[in-house]
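Below is one structure, written out as structure tokens; comments come after it.
The values are calculated or read from the model by the stated rules, or taken from the named source; none is laboratory data. Predicted model, so just to flag it, every value in this text is computed and none were measured. Cβ placement follows ideal geometry from the backbone for every residue including glycine, while neighbour counts extend to all protein chains displayed.
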Amino acid sequence: MKYLAKGSLIVTTMVAVLAFPPITLAGNHDDETESPKPPPPKIQTLNLNQDELLSPTQPNSSDDEYLAVYENIRSEVDNTVSDKDKARKDAVRSIIVDLKQRAFREAAKKVNQEVAQPMDLTQFNQVVNRASNNYLRFINEWKITKQLVETQTGSSSTPEVVQVSAFFKIDKVALRKILISEGGITAVAKYRTYVELFWNVQDKDIHPEVIATIIGNVEDQFRQAGYEVIEFEQIKGDLVELLKKQGKNDTDVYAKDELKRFKANLELRNIDKSFVNGKRILADYADLLIGVTVNIVEVQNNELTVKMTSNATLFEQGQWLKLASSDDVKTVPHVRGSTANLVAVAKQVTLAISKDLEPKVRKQLGQRKSVAKTKRSQERDFSLIFKKIDKGTFNKIKTRLSKGSKWQYNGADFKTRGIHLAYEGSIDALSDLIQIYLEGAGITPGIGEYSGSRNRIIFSND
Amino acid sequence: MRSLPSQNLEVYVREPVDASREGSYYPFLRHVQEVLIHKAQNNGYTVVNSPTNAKAYLETQFRIGKQSLQLFLSLKDADSRNTIGSATVELASSALPIDWKDRTLKDIAFELATKLDEQLFGQKLSILIDEFSGGKAKTDSFVSDFSILMRGYIREEVGSLDTFRILIEGSTSAQQYSLQGHYQVLGNEVFLRLKVIKVGSNHAIANASSRFSLGTVPSGVGMFPPNEIQAKESTDEIKSDAISKTTAQTVTVWVNHDDRNYRDGDPLTVSLRPDTDLYVRVYYVQSDGVICQIMPSRSGEAGYIRKGYVYEIGGAQDDVELIISDETVGQESIKVFASRGPIDDNNLPKRFISGANVSCLEDNYQKLVETLTRALKMKYRVRPASEVKILVRR
């Protein structure tokens, strides 16, 4: 070595069904010699009433009503009955009873589709059967629009046939209520669902692609089943703020190093672990927590094994309650260096546990009567906090809000100056509504502060 | 294959694996797999690319005999793993290509990387390829042509796997793991072992080994440095890696050539990054045993380095330049001694070498260690803290 001195250098898919009337195109009959000439068409000018043409033959459906229209439904008339009129009436009555039931079932299915809920078919059918006994309660209007009888000429033994067209209007609101209250539909969409992932593989570090696959697939499965999935990115900003408030460093969450950043974000998304009072914080964002744990990712004897467990917990009445769990394991041949193979297996296991867990969760949710009783179909619970307001003013607010008709008042907490209520609509609409409502009573609550993914509005005059 | 059931089945044909405990890799078995794929297709199977799409797996184990290659085939149901059919094939060497048993050092590297990957699969590890050294004895830690070459091959193979993210030496990113290699020459065989160590805990999370014939090493690739005796004299207890650090005196040291291979005229930059505030002495130990102090570069300087900074000796910002010369060749090393308190090295006999423009010691390495570490009067002990070995060639 030489040592030299240098100078210092310093989907949603919308399907539109377009019904076209049958169109007959008249062909050009060039060969006029072979076919007889049709008689020349008789052309006459029509002069029909325009209003009559435009007016519908049956009423329209609406958000609150389901319209079932049936055309030309046929039924044989009992030819053993001597009283023909009675036999015909019976045949028509039989059609109408069937159609009412049919309309009711179609409406129930429609309601289910509209609330985007999966249904436990057995339970759903049981509730529909029970409800259909009182179907008249749900039929707002119905009408027979056509009734014909086809009689046979001569001494034919072929029975007569009655032909009926009718429509029924079903009250969807009433139907939805009974379906939900009796557990035919589990209203899971109102459960804000959050997925946490834990890597519980001893002495092994995480693989970002596998983690992303697992989380993505669990979220997709629950989203497709109708749950309102809260994505981490939606609440990340809030969580970072909370992290800072708790005196923790957020540098790694935005680190340049991809792996470091990924790990920090994964840690942050596990709210319960990352924060003091994590369970309480989590409850601000979600009602339903799906915790997925990767227990085994290993290659032994050239075989790749992935094992995962998942747990669903529900936040109810101030605490997290375990609802259901599921686990699955899969072993396939290991392919040297193939992350694709690992991801494929992880995906299969994820789908298996999600498909097993989701119906269990739904069943458990359906059985939680307290939930069904206290919550209306699309309502969400909100907490309103009135900061720096004296006891007297808070009492006025409480009294005023307890009389509001736009929400369901659920109670107040003087200590925290909090009001609890259920409201069907967005948090920003509620915030504005409360402010206007109180100001109308001469109370100035201040401007409400909230974030879209939380269920708490803080009113303050600061 | 005749005894295997012939039916329209989606089959995944697995890579043949060594039936022995060694788990050796022979590139010829790749051709065997290709042949098996063709055979499976001819047998009416649909060969799929992913095991997750298969209804059955065609598994092959091989055994290398002196004069033959044995293949044990079995077709297994993907779900139950029950054997649907099996067959044994023995191929005489005479029926195989002449080089069917050949393996290169690259193949050994492939095998070792595969073994490590199997143990660590499913993770993403930021890893530093650390020192590869060895010799005849278990305790030898020579850097040689072989160790440098093998380190390069391993780096290449490990780097091609998704499990690993290779870090550049001195990288400040989340380095958590270190890969070290040690070889031992045992008669006509070489035993090479790799370890992946978790930084901080010094706990090995994976290790893999391979035993292969010395004949696999190309001629001209030395298994030992030419200055074997001198190099042995400068060996001490310190781990020569950037991650095995002694007590609280921790300093990471690296050089500007990732492969640690230098030739005449190559500039040398030594970088230091302490984990705590320290006083240091950095020595360059030449292959002939001469030891020269390269930090502090001026007499009277304390050699104080602070946590959070990287100090470069011979770097663009330094006031000295280090150039490798081939006057001495073989294993040379950079040794760092560190202490929490000022280091008193007044007792070290030094002489200034004007041609090299550097102060060198008059004693050998063992004397240096004795003198520096014996200082009982000092409040803080001086310890060998870190080391990088390089190979200087003509």
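Just the residues that are surrounded by 20 or more Cβ atoms within 10 Å (Cβ to Cβ) and either more than 28 Å from A:Thr331 (Cα to Cα) or under 31 Å from the mean Cα position of the chain (by Cα) (or both), please, taken from the stretch B:61-102. Listed by number, the residues that qualify are B:Phe62, B:Leu69. Within the stretch A:311-342, being hydroxyl-bearing (Ser, Thr, Tyr) and in a strand (DSSP E or B) holds for A:Thr313, A:Ser325, A:Ser326, A:Thr331. Restricted to the stretch B:320-336, and to residues there that are of a type in the set (A, V, I, L, M, F, W, C) and assigned to a loop (DSSP other than H, G, I, E, B), the residue that is nearest to the other protein chains (Cβ to nearest Cβ) is B:Ile324.
Could you tell me which residue of the stretch A:232-257 is farthest from the chain's Cα centre (by Cα), considering only residues that are in a helix (DSSP H, G or I) and surrounded by fewer than 14 Cβ atoms within 10 Å (Cβ to Cβ)?
Of the stretch A:232-257, the ones in a helix (DSSP H, G or I) are A:232-245, A:251-254.
Subsequent filtering for residues that are surrounded by fewer than 14 Cβ atoms within 10 Å (Cβ to Cβ) retains A:233, A:237, A:241, A:244-245, A:251, A:254.
Numbers: A:Glu233: 21, A:Gly237: 26, A:Glu241: 30, A:Lys244: 35, A:Lys245: 35, A:Thr251: 37, A:Tyr254: 33 Å.
Within the stretch A:232-257, the match that is farthest from the chain's Cα centre (by Cα) is A:Thr251.
Per the conditions (1) in contact with a Lys or Arg (Cβ under 9 Å, 6 or more places away or on another chain); (2) within 14 Å of another protein chain (Cβ to nearest Cβ); (3) not in a strand (DSSP E or B), the sole criterion not satisfied by B:Leu391 is (3).
Evaluating A:Gln348 against the criteria (1) within 30 Å of A:Ile457 (Cα to Cα); (2) of a type outside the set (Lys, Arg); (3) within 25 Å of the chain's Cα centre (by Cα) leaves one unmet condition, (1).
Mind telling me which of the residues A:Leu136, A:Leu179 ends up being crowded, with 16+ Cβ neighbours inside 10 Å and at pLDDT below 85? Walk me through it before giving the result.
Working: A:Leu136 fails: crowded, with 16+ Cβ neighbours inside 10 Å.
Unique residue meeting the criteria: A:Leu179.
Would it be correct to say that B:Leu58 is farther than 30 Å from B:Leu194 by Cα and touching a helix residue (DSSP H, G or I) at 6+ places or on another chain (Cβ under 8 Å)? Yes. Scan the stretch A:182-191 for residues that are surrounded by fewer than 21 Cβ atoms within 10 Å (Cβ to Cβ) and either touching a helix residue (DSSP H, G or I) at 6+ places or on another chain (Cβ under 7 Å) or modelled with pLDDT of 75 or more (or both) and the total you get is 2.
Yes/no matrix, rows are residues, columns are (1) out of contact with any helix residue (DSSP H, G or I) (no Cβ under 6 Å at 6 or more places or on another chain); (2) surrounded by fewer than 19 Cβ atoms within 10 Å (Cβ to Cβ); (3) within 14 Å of chain A (Cβ to nearest Cβ):
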| residue | (1), (2), (3) |
| --- | --- |
| B:Arg155 | yes, no, no |
| B:Leu167 | yes, no, yes |
| B:Leu186 | yes, yes, no |
| B:Ile197 | yes, no, yes |
| B:Ala206 | no, no, yes |
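In the set (1) modelled with pLDDT under 90; (2) farther than 30 Å from A:Lys363 by Cβ, A:Arg102 fails one condition alone, (2).
If you check B:Gly303 against the conditions, is it closer than 21 Å to B:Glu169 by Cα and away from every other protein chain (no Cβ under 14 Å)? Against the criterion (closer than 21 Å to B:Glu169 by Cα and away from every other protein chain (no Cβ under 14 Å)), B:Gly303 does not qualify. Among the residues of the stretch A:308-340, just one is of a type outside the set (A, V, I, L, M), within 17 Å of A:Gly216 (Cα to Cα) and within 14 Å of another protein chain (Cβ to nearest Cβ), namely A:Thr339.
Condition test on B:Lys367, is it among the charged types (D, E, K, R), surrounded by 15 or more Cβ atoms within 10 Å (Cβ to Cβ) and out of contact with any Gly (no Cβ under 8 Å at 6 or more places or on another chain)?
On the way: among the charged types (D, E, K, R): yes; surrounded by 15 or more Cβ atoms within 10 Å (Cβ to Cβ): no; out of contact with any Gly (no Cβ under 8 Å at 6 or more places or on another chain): yes.
Judged against the criteria, B:Lys367 is not a match.
Mind checking whether some residue in the stretch B:34-49 is among the hydroxyl-bearing types (Ser, Thr, Tyr) and over 36 Å from the mean Cα position of the chain (by Cα)?
We begin by selecting, within the stretch B:34-49, every residue among the hydroxyl-bearing types (Ser, Thr, Tyr); these are B:45-46.
Filter once more, so that each one left must be over 36 Å from the mean Cα position of the chain (by Cα): B:45-46.
Yes, there is a match, as at least one residue in the stretch B:34-49 is among the hydroxyl-bearing types (Ser, Thr, Tyr) and over 36 Å from the mean Cα position of the chain (by Cα).
So which of B:Asp107, B:Asp77 is away from chain A (no Cβ under 11 Å), among the charged types (D, E, K, R) and under 24 Å from A:Ala346 (Cβ atoms)?
Only one candidate qualifies: B:Asp77.
Scanning the stretch A:404-414 turns up no residue that is out of contact with any Pro (no Cβ under 6 Å at 6 or more places or on another chain), surrounded by fewer than 17 Cβ atoms within 10 Å (Cβ to Cβ), at pLDDT 85 or above and among the basic types (Lys, Arg). The residues on offer are B:Ile334, B:Ile313, B:Ile305, and the sole one that is at pLDDT 90 or above, closer than 20 Å to B:Ile229 by Cα and of a type in the set (Val, Ile, Thr) is B:Ile334. Within the stretch B:282-298, residues that are within 10 Å of chain A (Cβ to nearest Cβ) and over 16 Å from B:Ala338 (Cβ atoms) reach partners that are in a strand (DSSP E or B) and aromatic (Phe, Trp, Tyr) with beta carbons closer than 8 Å, at six or more positions or on different chains, in the pairs B:Cys292/A:Tyr3; B:Cys292/B:Tyr283; B:Cys292/B:Tyr284. Residues that are among the β-branched types (Val, Ile, Thr) and over 25 Å from the mean Cα position of the chain (by Cα) were ranked within the stretch A:272-307; the one that is farthest from the other protein chains (Cβ to nearest Cβ) is A:Val276. Only one of the listed residues (A:Val349, A:Val332, A:Val297) is surrounded by 16 or more Cβ atoms within 10 Å (Cβ to Cβ) and under 19 Å from A:Asp205 (Cα atoms). That residue is A:Val297.
Before we move on, is B:Asp99 of a type in the set (Asp, Glu), touching a strand residue (DSSP E or B) at 6+ places or on another chain (Cβ under 6 Å) and more than 14 Å from chain A (Cβ to nearest Cβ)? It would help to see each step written out before you state the result.
Details: of a type in the set (Asp, Glu): yes; touching a strand residue (DSSP E or B) at 6+ places or on another chain (Cβ under 6 Å): no; more than 14 Å from chain A (Cβ to nearest Cβ): yes.
Considered against the rule, which asks whether it is of a type in the set (Asp, Glu), touching a strand residue (DSSP E or B) at 6+ places or on another chain (Cβ under 6 Å) and more than 14 Å from chain A (Cβ to nearest Cβ), B:Asp99 comes out as no.
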